[in-house]
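What follows is a single structure, written as structure tokens, with notes after it.
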Amino acid sequence: MTAGRPSPAAKQIGFSFMADGERFSVSATGVVVVPSGDDLSGQEQPVNFENALTEVLPPEALLTEIEDKRPYECDGLSAYQQVPRVVVMPETRKQVEDVVKICAEYDVPIVARGAGTGLSGGALPLADGCLMSLAKFNRIVEIDAENLVAVVEPGVRNIAVSEALAAHGLYYAPDPSSQIACSIGGNVAENSGGVHCLKYGLTVHNVLQVEILTADGEWLTLGGAALDSPGYDLLALLNGSEGMLGIIMQITVKLLPLPPVARVLLGAFDTVAAAADTVAGVIAAGIIPAGLEMMDRLATRAAEDYCQAGYPRDATAILLCELDGTPDEVDTQLGTVRDIFELHGCVETRVSATEEERLRFWMGRKAAFPAMGRIAPDYYCMDGTIPRRNLGVVLQRIAELSEQYGLPVANVFHAGDGNLHPLIAYDANDDGQLEAAERLGGEILELCVEVGGTVTGEHGVGVEKLDQMCVQFSASELAMFHAIKDAFDPAGLLNPGKAIPTLHRCVEFGAMHVHGGKLPHPELERF
Ligand SMILES: Cc1cc2nc3c(=O)[nH]c(=O)nc-3n(C[C@H](O)[C@H](O)[C@H](O)COP(=O)(O)OP(=O)(O)OC[C@H]3O[C@@H](n4cnc5c(N)ncnc54)[C@H](O)[C@@H]3O)c2cc1C
């Protein structure tokens, strides 16, 4: 993610399907840099498509003017921008279905968009594509408190679910830090995580059923009330599908009773390594906290200056550990965790005394990204996951890379999950800094793979991590991903070019083995 003022150096992505007579031409060849402000939309397309849309949408639900489309040109990864050919904002299921069928007829790709808070460019529009905002589908359809489920439309904001449930003594556990804005549809499409996912699972573990509309306009219901179901687990496949397999139109989520008590233990450490070792120590003791987060000094100070969360400004790193349950359980666990903290060299502990203080401790953590926006003109948020035991060594290596590139890196992350979020500070107005930040980010992701981790934690692949997917997966695995995409969307109209690199791209990136001039799987089409 970049923050701060708009970046003149921002990249725009062509993604023109028909360039060189090939679909996916841009996903195969990488990013095209064009002067800021150019409108690439509307190229090489007959206007019949727009006319067809006016037949099925009210005027206010179809945006074709550049100034109306501009707000949709990027998601949270604002270094990449592209004005789409059209923006549609349907409000009925029939309208969505009609738009999908018209796109299929005119061979126009569709990018679904929730709240646009994604950090990997998943909702980045395509120049010749239709950006479909699902924001108007914002109804909580049903709360079934007895059976602990709720049915929601995709545009419902994450936090709105728990707010609506509070009166029933219930909540929805996955809580991305962007929860005041991000949509449940986007959460499913990204398989989002959050502070509470360490104990209660990611989005995929909290969704029972989704209803999707396929690229050829067919309605499918995946999953159900039972814990197991015959056949392949298509519901799990939809979680993290980044808008490429179907448009998610309704979601049934699991609910949890609010815990009787929740308290946060804040620990301050003199070294990052000591804080990192403490994380492994807590889990090794058999305790699964409701949340276990880490922030280094740069992030702590930025958050403290931004919202006065009550953090110690002198600590090199802090841990925030939430424990929930009955009062007795919480007291016992607090004592054990405090002992573990002190055993690992914790120099100061604070325990939230009131619910207001607990929320304040979390407010700092959740505001850490925007807080960074106040101290750096731009920042780039990475997302990778590593085995917890490697936290110390990886954080040390990140510090060295930061030094080497001359770019400050703040770390604020889901430590209990081993899910890193290095925030690389840079200035887009300074020639070459964006590229340097991207190279540094790439090195960090490859480091994650090297120590047995992954290139995504919770932010998805989008356009941001396509190259690193080549490092993570073999040609055979990537071919399977393409086959799955093809099974759901044979015409390749749903968010093409995102999340799964073409084999050609991997060769160009240098991450695919070429023997004697021959690629693996020569039978596969190279886009
Ligand atoms: C400050 C900040 C903090 C964040 N913290 C976290 C965090 O703690 N954990 C975390 O996981 N993420 C976090 N994120 C990233 C982001 O909020 C999540 O990825 C979120 O799930 C995106 O939801 P959205 O509604 O904004 O989706 P969008 O950004 O609009 O879209 C994301 C992807 O989902 C697809 N999509 C959206 N809606 C649909 C639909 N109905 N059907 C099919 N595909 C769809 C899009 O095509 C795109 O590929 C953070 C972002 C910010 C800006």
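The values are calculated or read from the model by the stated rules, or taken from the named source; none is laboratory data. Every value quoted in this text rests on a predicted model; they were computed, and no experiment measured them. All Cβ positions, even for glycine, are placed from backbone atoms using ideal geometry, and neighbour counts span all protein chains on display.
Assorted remarks:
- If you go through the range 144-154 and keep only what is in contact with a Ser or Thr (Cβ under 7 Å, 6 or more places away or on another chain) and buried (at least 21 other Cβ atoms within 10 Å of the Cβ), you end up with just PRO154.
- Taken over the range 83-113, residues that are more than 10 Å from the ligand (Cβ to nearest atom) and touching a residue at least 60 places away in the same chain (Cβ under 8 Å) amount to 10.
- Count - residues of the range 236-262 that are in a strand (DSSP E or B), within 27 Å of the chain's Cα centre (by Cα) and more than 16 Å from the ligand (Cβ to nearest atom): 4
Here's the yes/no breakdown for (1) modelled with pLDDT under 95; (2) touching a strand residue (DSSP E or B) at 6+ places or on another chain (Cβ under 7 Å); (3) basic (Lys, Arg); (4) not in a strand (DSSP E or B):
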site	(1), (2), (3), (4)
LEU266	no, yes, no, no
TYR311	no, yes, no, yes
VAL330	no, yes, no, yes
LEU334	no, yes, no, yes
ARG338	no, yes, yes, yes
PHE341	no, yes, no, yes
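- GLU293 being buried (at least 20 other Cβ atoms within 10 Å of the Cβ) and modelled with pLDDT of 95 or more: yes
- Inside the range 454-467, residues that are more than 14 Å from PRO422 (Cα to Cα) and either at pLDDT below 90 or within 16 Å of the ligand (Cβ to nearest atom) (or both) make up a count of 8.
- Of all positions in the range 99-113, none carries a residue that is crowded, with 23+ Cβ neighbours inside 10 Å, at pLDDT 95 or above and farther than 23 Å from MET249 by Cβ.
- Some residue of the range 59-74 being polar (S, T, N, Q), more than 15 Å from the ligand (Cβ to nearest atom) and either at pLDDT 95 or above or farther than 25 Å from LEU466 by Cα (or both): yes
- Filtered residues of the range 144-175 (kept if within 8 Å of the ligand (Cβ to nearest atom) and in contact with a Lys or Arg (Cβ under 9 Å, 6 or more places away or on another chain)): GLY155, ASP175
- Single residue of ARG388, ARG365 found to be of a type in the set (Lys, Arg), touching a strand residue (DSSP E or B) at 6+ places or on another chain (Cβ under 9 Å) and buried (at least 16 other Cβ atoms within 10 Å of the Cβ): ARG365
- Restricting THR354, THR349, THR326 to those that are surrounded by 14 or more Cβ atoms within 10 Å (Cβ to Cβ) and at negative phi reduces the list to THR349.
- Conditions (1) within 16 Å of the ligand (Cβ to nearest atom); (2) in contact with an Asp or Glu (Cβ under 7 Å, 6 or more places away or on another chain); (3) not in a strand (DSSP E or B); number of the one not met by ALA303: (2)
- Filter result (closer than 23 Å to CYS197 by Cβ and either more than 9 Å from the ligand (Cβ to nearest atom) or surrounded by fewer than 19 Cβ atoms within 10 Å (Cβ to Cβ) (or both)) within the range 114-143: ILE140, ILE143
- Looking only at residues in the range 311-331 that are among the β-branched types (Val, Ile, Thr) and in contact with a Leu (Cβ under 9 Å, 6 or more places away or on another chain), the one that is nearest to GLY281 (Cα to Cα) is ILE318.
- Residue among LEU126, LEU165, LEU131, LEU119 that is at pLDDT 95 or above and within 25 Å of MET363 (Cβ to Cβ): LEU165
- Failed criterion for ALA399 (all others in (1) of a type in the set (Gly, Ala, Ser); (2) surrounded by fewer than 19 Cβ atoms within 10 Å (Cβ to Cβ); (3) within 22 Å of the chain's Cα centre (by Cα) hold): (3)
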